[in-house]
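The values are calculated or read from the model by the stated rules, or taken from the named source; none is laboratory data. For clarity, every value in this text was computed on a predicted model and none was experimentally measured. Virtual Cβ from ideal backbone geometry, glycine too; neighbours counted across all protein chains shown.
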Amino acid sequence: MDHKQSSVTIRLLEEDDVETVHELLKTAFAAVPESDQSEPDLVRRLREDPVYIPDLELVAEMDQKVVGHILLTRVQIGHGQPAKEALALAPVSVVPDLQGRGIGAALIREGHRRATELGYSLIVLVGHPDYYPRFGYQRASDHRIMVSFPAPEEAVMVHELVPGALDEYEGTIRFAKAFGL
């Protein structure tokens, strides 16, 4: 079957998908020069962390096979206490032979939609600066938001799910211990 004609379904992760997603993450990040190949273990650790939100771990399915994955987890942003809660998008992945066909975009858009429905107003990420701006991501430093570890400034990005949300945030992003940062 021609994959270009196949439709993609985005749905919540199910228990039966866990091992498939683990293998998908290994394959998807194998050729990414910026990756240290720790994404499968990161996802496993995040699932065990209190920042995990089951309603924000999604898979893309095509021809009854899982071909993509996205995970959004809670983070805190601030200069101390109290900090404001936001979400981190990490990671998003698609099987290599289907990349560039809109599957990652569909996962991101559905992740945004579900996060908004759950009441979240901001998403942060550290990712490729040429990819994420098409989804509304902007340089975090332009909005007084930073990370506490070395990262290229243009790779640390934020996206408002609710217009004006960035006015309420300032400070350092505090990622879950699972990230190892």
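Couple of notes before you dig in:
- Evaluated against (1) surrounded by fewer than 20 Cβ atoms within 10 Å (Cβ to Cβ); (2) free of Cβ contacts under 8 Å to residues at least 40 places away in the same chain, Val92 falls short on exactly one condition, (1).
- Candidate set from the range 157-181 (those that are on the phi < 0 side of the Ramachandran plot and assigned to a strand (DSSP E or B)); member that is surrounded by the fewest Cβ atoms within 10 Å (Cβ to Cβ): Thr172
- Per-region count, the range 5-25, residues in a loop (DSSP other than H, G, I, E, B) and under 19 Å from Leu98 (Cα atoms): 2
- Cβ separations smaller than 7 Å between residues 6+ apart or across chains give the following pairs from the range 138-149 residues that are in contact (Cβ under 8 Å) with a residue 12 or more places away in the chain and under 10 Å from Gly171 (Cα atoms) to residues that are assigned to a helix (DSSP H, G or I) and not small (Gly, Ala, Ser): Ser141/Glu153; His143/Leu166.
- Of the residues contained in the range 116-139, none is found to be among the small types (Gly, Ala, Ser), at pLDDT 95 or above, under 20 Å from Phe179 (Cβ atoms) and surrounded by 16 or more Cβ atoms within 10 Å (Cβ to Cβ).
- Long-range neighbours under 9 Å by Cβ, at least six apart or interchain, first residue under 19 Å from Val75 (Cα atoms) within the range 33-52, second aromatic (Phe, Trp, Tyr) and surrounded by 13 or more Cβ atoms within 10 Å (Cβ to Cβ): Glu39/Phe29; Leu42/Phe179; Arg45/Phe179; Leu46/Tyr52; Leu46/Phe179; Val51/Phe175
- In the range 79-92, residue farthest from His143 (Cα to Cα) [restricted to those that are modelled with pLDDT under 95 and among the small types (Gly, Ala, Ser)]: Ala90
- Residue check, Thr73 over 25 Å from Glu117 (Cα atoms) and in contact (Cβ under 8 Å) with a residue 60 or more places away in the chain: no
- Checked against the criterion of being in contact with a His (Cβ under 6 Å, 6 or more places away or on another chain) and modelled with pLDDT of 95 or more, the candidates Val18, Val59, Val51 yield just one match: Val59.
- In the range 6-32, the residues that are surrounded by 15 or more Cβ atoms within 10 Å (Cβ to Cβ) and not polar (S, T, N, Q): Val8, Ile10, Leu13, Asp17, Val21, His22, Leu24, Leu25, Ala28, Phe29
- Residues satisfying the stated conditions in the range 60-74, i.e. buried (at least 22 other Cβ atoms within 10 Å of the Cβ) and β-branched (Val, Ile, Thr): Val67, Ile70, Thr73
- Here Glu117 fits the description: charged (D, E, K, R), out of contact with any His (no Cβ under 7 Å at 6 or more places or on another chain) and more than 18 Å from Ala60 (Cβ to Cβ).
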